[in-house]
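The values are calculated or read from the model by the stated rules, or taken from the named source; none is laboratory data. Every value quoted in this text rests on a predicted model; they were computed, and no experiment measured them. Virtual Cβ from ideal backbone geometry, glycine too; neighbours counted across all protein chains shown.
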C-alpha cells in the first residue's frame with residue numbers, strides 16, 4: 001500500500017463518529033485533532049497554493065525526509081481548519097499537515113472557501129482534508145500545493 005492509499009484509508013471519514021467544531025482559536029492545535037482522527041477527503045482538479053511557509057521549512061523537510069533527493073514531490077493531505085479570533089484575518093483558514101500548522105490559505109481564497117469549509121464540516125461531521133503535495137528544492141525551499149473541487153465548496157471559478 002502506497003503512502004497516498006494509507007493516508008486515504010486513515011483520513012477518509014467513516015459514518016458514525018462525533019462531529020468537530022466549526023472553527024478553532026488561531027495558532028492553537030484544535031483539541032479534536034489527534035492521532036486516529038478521521039477526515040473527509042475532498043478531491044478535485046482546482047489548485048490551491050498554501051502561503052506562510054518560510055517559518056515551517058524544518059517541518060516540511062521532516063515530512064519529506066531531510067535527505068530526500070531534490071527536486072522533491074511528496075504526496076500529502078492537508079487539513080483545513082477555519083480559525084476564529086485570528087487578529088489579522090477574520091476569514092483565516094489554516095492548513096495542517098502531519099499534526100503541524102504549516103501555513104494558511106491566501107486571504108482571497110480563504111474568504112471564498114471558508115463558508116463552504118464550515119458547511120462541509122457540518123455535513124460530514126469531520127475535518128476536511130485535501131490531497132496535494134509538498135514540492136520544491138533546497139535552494140528555493142518547499143511549498144505545499146493542494147487540490148480541491150470548487151463546486152463542492154460552493155465557489156464559482158472564473159474562466
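Being over 17 Å from residue 141 (Cα atoms), at pLDDT 95 or above and surrounded by 15 or more Cβ atoms within 10 Å (Cβ to Cβ) is a description that does not apply to residue 111.
Scanning segment 80-97 for residues that are in contact with a helix residue (DSSP H, G or I) (Cβ under 8 Å, 6 or more places away or on another chain) and touching a residue at least 40 places away in the same chain (Cβ under 8 Å), we see that the one that is farthest from residue 116 (Cα to Cα) is 97. Considering every residue within segment 111-126, establish whether at least one is under 28 Å from residue 55 (Cα atoms) and in a strand (DSSP E or B). Looking for residues that are under 28 Å from residue 55 (Cα atoms) and in a strand (DSSP E or B), one finds none in segment 111-126, hence no.
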